[in-house]
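Heads up, the thing below is written out as structure tokens.
The values are calculated or read from the model by the stated rules, or taken from the named source; none is laboratory data. Note that this is a predicted model, so its numbers are computed, not measured. Here Cβ is always computed from backbone atoms with ideal geometry, including for glycine, and neighbour counts include all displayed protein chains.
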Amino acid sequence: MPYLARTFSAAVTVLSLVLAGGAARADAPRVVHAEASPNGDGTYTVTATVRHGDTGWDHYADNFEVLAPDGTLLDRRVLYHPHVDEQPFTRSTDGVKVPAGINSVIVRAHDKVHGYGKGTVTINLPDR
């Protein structure tokens, strides 16, 4: 391959990687996995794995929510600091009260810049 073609190809590859990395950092948060475990007292522990390109205190995933299928907020886990070097990260919220008749919940994440991400997970609740 001629020198100019190799140089152009390498430049395109580097540019693609830079742009892809920048896009990943700028994206809204995504819940990539979630599960619920019954606590035996009628409540659940909900665990969420969130992916977000946290860049520091001005831009990080700052909470995740557990919602009923109709969008009613059941619980919110506040995240008090950025997870720049821990991606994706997993956190739990305990004692989530789910009203009778609801067999699944939706977990979504929020960040300080973009708000709520579209990457949600729906969990079918065990023991329902």
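The table below lists the values:
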item	result
Within the stretch 93-128, considering residues that are surrounded by fewer than 16 Cβ atoms within 10 Å (Cβ to Cβ) and small (G, A, S), the one nearest to N39 (Cα to Cα)	G95
Filter pass, D111 being acidic (D, E) and in contact with an Asp or Glu (Cβ under 7 Å, 6 or more places away or on another chain)	yes
Long-range neighbours under 6 Å by Cβ, at least six apart or interchain, first residue more than 16 Å from D41 (Cα to Cα) and modelled with pLDDT under 95 within the stretch 93-118, second of a type in the set (G, A, S) and in a strand (DSSP E or B)	D111/A61; G117/A109
Meets criteria (surrounded by 19 or more Cβ atoms within 10 Å (Cβ to Cβ), of a type in the set (G, A, S) and under 18 Å from I106 (Cβ atoms)) for A28	no
So T72, is it without any contact (Cβ under 8 Å) to a residue 60 or more places away in the chain and in contact with a helix residue (DSSP H, G or I) (Cβ under 7 Å, 6 or more places away or on another chain)	no
Criterion (acidic (D, E) and either at pLDDT 90 or above or over 22 Å from E86 (Cβ atoms) (or both)) met by exactly one of D41, D54, D27	D41
Residue match in the stretch 1-8 (condition: at pLDDT 50 or above, more than 16 Å from L79 (Cα to Cα) and surrounded by 12 or more Cβ atoms within 10 Å (Cβ to Cβ))	no
